[in-house]
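*Asks:* Structure incoming, see below.
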Amino acid sequence: MSGEQTQASSETDIETETAPREVETGADAVVRSLENAGVEHVFGVQGGAIMPVYDALYHSEIRHVTMAHEQGAAHAADAYGIVSGDPGVCMATSGPGATNLVTGIADANMDSDPVVALTGQVPTEFVGNDAFQETDTIGVTGPVTKANVFADDSDTVGTDVGTAFALADRGRQGPTLVDLPKDVTNGDTETTPGVPELPDTYDPPETADAEAVSAAAEELVRADRPAILAGGGVIKAEASEALRSFAKEHEIPVITTMPGTGAFPEDHELSLEIAGMHGTGYANMAITVTDCLLAVGTRFDDRLTGGVETFAPDAQIIHVDIDPAEISKNIEADHPLVGDAKAVLGQLADAMPGSPSTDAWLKQCETWKEEYPMEYAAPEDEPVKPQYLVERFDEATDDDTIVTTGVGQHQMWAWQYWTWKVPRTWVTSHGLGAMGYGLPSAIGAKFAAPERDVVCFDGDGSFLMTCQGLSVAVRENLDITVVVLNNDAIGMVRQWQDAFFGERHMASEYPWVPEFDTLAEAFGARGFRIDTYDEVDEVIEEAMGYDGPSVVDAHIDPDENVYPMVPSGGDNGLFALTEGQL
């Protein structure tokens with residue numbers, strides 16, 4: 001055979017191998033449904049009960065990313081959804097595979113992140129018999145999913161997956177799950193699924209009641225001290241531009257919640273930045289004093305509100321949310337506007353009969369910025385301050401750099417001292433507060449936006465929980481930079497013990513952690529270490545310049561704490577700037 005014939009034969013084989021094949025089994029239908037949804041990446045871990053789906057995935061152009069742990073797969077899918085706006089997909093086998101996904105699924109549920117989870121299950125005839133690796137996945141995940149379904153027919157399993165995808169994506173986004181018994185995915189079918197479609201019974205609202213919008217607009221114009229509170233729903237609804245235009249047109253200061261970070265540029269004069277337990281003093285003062293609060297896409301969680309009786313006590317509350325269940329759940333809404341954030345902001349913009357007079361109010365907000373600046377002391381002869389590291393990384397990177405974190409003090413420092421200008425750049429575990437989120441979410445974020453820088457700020461305690469994900473980053477040659485703010489402790493726990501538990505450091509100190517730079521090298525990544533201020537800029541340049549995964553073991557001041565701070569259930573206007581004020 002000639003060389004030309006051999007090449008042609010090889011190309012034919014490749015085309016045959018990668019071209020979509022006919023749907024012959026339930027597993028084929030599952031994969032075809034994902035293809036129809038435009039899925040490009042799936043994060044997962046193989047196993048017995050899910051094996052038929054993996055075998056069908058072998059013939060697909062969808063790229064599977066094998067994670068080091070199922071929790072990491074769920075977090076990676078979650079971050080993928082946050083950055084891309086489209087549902088991320090994770091897969092695991094039955095039993096421990098499914099239960100290991102639960103932390104990530106619960107996280108996505110708390111934060112309304114779009115995720116589709118596919119779990120293997122024992123054959124239907126074994127369900128309920130305590131078969132090997134059997135778990136009631138539907139029962140376990142019911143409370144932490146937007147919807148879940150037990151697939152019971154090879155002819156409909158593809159539609160089940162498509163419906164799960166549509167539900168995860170539309171309305172208030174969230175995680176969905178399809179449990180896939182092995183006999184269903186192995187079973188024969190001639191039914192080819194179509195594109196994802198919502199059930200006829202699900203009809204999320206688009207626009208709010210016109211009279212209610214008009215009344216809310218009049219309330220805003222009458223206000224002397226109006227403020228906008230932008231929540232995560234602004235970003236999920238792609239409403240950031242609408243929010244920015246509205247705020248600038250009417251000169252209303254903007255405060256963001258933790259999930260809403262990036263919805264409004266923090267370098268703009270109208271920005272009061274972030275509110276809540278560790279928010280800025282000026283944001284919390286504005287919330288306490290405002291007489292009209294336009295809250296868009298927020299569920300008013302306790303880390304934001306503190307004590308509900310002291311939250312915006314003199315304000316008329318205009319609450320925009322796509323989920324009617326959130327209206328008046330925590331904070332009573334005087335003007336409930338149920339609908340999509342982008343659409344309702346457009347309605348409000350059209351309904352405004354004028355603009356409020358905010359000159360005096362804006363001057364007051366500027367005064368608070370001067371009185372309560374986000375400052376910290378950084379003597380050169382003392383250990384490196386974490387705030388300084390965050391600021392230096394921020395200055396060394398582009399505005400669209402994606403930042404992921406674990407959970408703890410490092411998360412708060414990253415939130416406070418990075419200047420957020422672009423939506424979908426802040427990727428963290430908000431409501432669930434899942435330690436270990438940082439590294440696997442950086443992996444998911446990088447697959448969602450391969451052309452952008454990804455920096456993960458982690459803590460030594462949080463990094464230890466999922467550092468095995470470095471093996472994935474090295475295998476896939478992902479250009480991500482992990483910065484471990486290492487203070488030999490679960491720092492936030494230690495801070496609370498100092499403030500509220502008589503400085504009894506029970507199970508919060510971690511003096512036995514490994515050298516993370518050395519650990520990184522063992523995985524095949526690049527490792528760096530920072531001990532002094534003199535090393536900071538050079539290490540940042542080298543770590544960010546390395547084309548591949550790197551880990552910076554940054555030894556920070558172990559006594560540094562996160563301030564401002566509002567004690568749990570406290571008054572946002574009575575924030576503490578030092579431990580002595582708690």
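The values are calculated or read from the model by the stated rules, or taken from the named source; none is laboratory data. The model shown is predicted, which means the values in this text are computed figures rather than measured ones. So basically every Cβ, Gly included, is an ideal-geometry build from the backbone, and we count neighbours across all protein chains shown.
*Asks:* Can you find even one residue in the range 449-456 that is within 30 Å of His41 (Cβ to Cβ), among the β-branched types (Val, Ile, Thr), touching a helix residue (DSSP H, G or I) at 6+ places or on another chain (Cβ under 8 Å) and surrounded by 23 or more Cβ atoms within 10 Å (Cβ to Cβ)?
*Replies:* yes
*Asks:* Could you pull out the residue among Trp361, Trp415, Trp368 that is part of a helix (DSSP H, G or I), among the aromatic types (Phe, Trp, Tyr) and closer than 30 Å to Gln497 by Cβ?
*Replies:* On the way: Trp361 fails: closer than 30 Å to Gln497 by Cβ; Trp368 fails: closer than 30 Å to Gln497 by Cβ.
Trp415 is the lone residue from the list that is part of a helix (DSSP H, G or I), among the aromatic types (Phe, Trp, Tyr) and closer than 30 Å to Gln497 by Cβ.
*Asks:* Between Glu579, Glu560, which is at pLDDT below 95, closer than 30 Å to Val513 by Cα and touching a helix residue (DSSP H, G or I) at 6+ places or on another chain (Cβ under 7 Å)? Before you say what the answer is, go through the steps one by one.
*Replies:* Numbers: Glu560 fails: at pLDDT below 95.
That would be Glu579, the only listed residue that is at pLDDT below 95, closer than 30 Å to Val513 by Cα and touching a helix residue (DSSP H, G or I) at 6+ places or on another chain (Cβ under 7 Å).
*Asks:* Out of Ala227, Ala151, Ala166, Ala223, which single residue is in contact with a Pro (Cβ under 8 Å, 6 or more places away or on another chain) and over 30 Å from Gly431 (Cα atoms)?
*Replies:* Details: Ala227 fails: over 30 Å from Gly431 (Cα atoms); Ala151 fails: over 30 Å from Gly431 (Cα atoms); Ala166 fails: over 30 Å from Gly431 (Cα atoms).
On inspection, the qualifying residue turns out to be Ala223.
*Asks:* So which helices (runs of 4 or more DSSP H) are wholly in the range 35-142 and hold at least 1 residues that are of a type in the set (S, T, N, Q)?
*Replies:* Numbers: elements: 51-57, 70-84, 96-111, 137-141.
Fully inside the range 35-142 and qualifying: 70-84, 96-111, 137-141.
*Asks:* Continuing with the same structure: In the range 284-302, what residues are under 21 Å from Glu579 (Cβ atoms) and surrounded by 24 or more Cβ atoms within 10 Å (Cβ to Cβ)?
*Replies:* First, the residues of the range 284-302 that are under 21 Å from Glu579 (Cβ atoms): 284-285.
Matches in the range 284-302: Asn284 only.
*Asks:* Does Ile490 fit the bill of being under 19 Å from Met435 (Cα atoms), among the aliphatic types (A, V, I, L, M) and either surrounded by 18 or more Cβ atoms within 10 Å (Cβ to Cβ) or out of contact with any His (no Cβ under 8 Å at 6 or more places or on another chain) (or both)? Reasoning before the result, please.
*Replies:* Values: under 19 Å from Met435 (Cα atoms): yes; among the aliphatic types (A, V, I, L, M): yes; either surrounded by 18 or more Cβ atoms within 10 Å (Cβ to Cβ) or out of contact with any His (no Cβ under 8 Å at 6 or more places or on another chain) (or both): yes.
So Ile490 fits the description; yes.
*Asks:* Can you tell me which residue among Gln121, Gln71, Gln133 is buried (at least 24 other Cβ atoms within 10 Å of the Cβ), out of contact with any helix residue (DSSP H, G or I) (no Cβ under 6 Å at 6 or more places or on another chain) and either within 22 Å of Glu35 (Cβ to Cβ) or not assigned by TED's automatic domain parsing to the domain that holds Asp301 (or both)?
*Replies:* Working: Gln71 fails: out of contact with any helix residue (DSSP H, G or I) (no Cβ under 6 Å at 6 or more places or on another chain); Gln133 fails: buried (at least 24 other Cβ atoms within 10 Å of the Cβ).
On inspection, the qualifying residue turns out to be Gln121.
*Asks:* Quick test for you: out of Asp152, Asp160, Asp169, pick the one residue that is crowded, with 22+ Cβ neighbours inside 10 Å and either modelled with pLDDT under 95 or of a type in the set (Asp, Glu) (or both). Outline the logic, then answer.
*Replies:* Numbers: Asp152 fails: crowded, with 22+ Cβ neighbours inside 10 Å; Asp169 fails: crowded, with 22+ Cβ neighbours inside 10 Å.
Sole residue among the options that is crowded, with 22+ Cβ neighbours inside 10 Å and either modelled with pLDDT under 95 or of a type in the set (Asp, Glu) (or both): Asp160.
*Asks:* Taking the condition more than 27 Å from the chain's Cα centre (by Cα) and of a type in the set (Asp, Glu), does Glu218 pass? Before the answer, list the steps.
*Replies:* On the way: more than 27 Å from the chain's Cα centre (by Cα): yes; of a type in the set (Asp, Glu): yes.
Yes: the conditions hold for Glu218.
*Asks:* Would you check which residues across the range 519-540 are touching an Asp or Glu at 6+ places or on another chain (Cβ under 6 Å) and under 18 Å from Cys456 (Cβ atoms) and list them? Let's see the steps before the verdict.
*Replies:* Start the filter on the range 519-540 by keeping residues that are touching an Asp or Glu at 6+ places or on another chain (Cβ under 6 Å), which leaves 527-529, 533.
Passing the criteria: Gly527, Phe528, Arg529.
*Asks:* Sticking with this one: Listed residues Ile252, Ile317, Ile287; which is in a loop (DSSP other than H, G, I, E, B), aliphatic (A, V, I, L, M) and either modelled with pLDDT of 95 or more or touching a helix residue (DSSP H, G or I) at 6+ places or on another chain (Cβ under 6 Å) (or both)? I'd like the intermediate steps shown before the answer.
*Replies:* Working: Ile317 fails: in a loop (DSSP other than H, G, I, E, B); Ile287 fails: in a loop (DSSP other than H, G, I, E, B).
It is Ile252.
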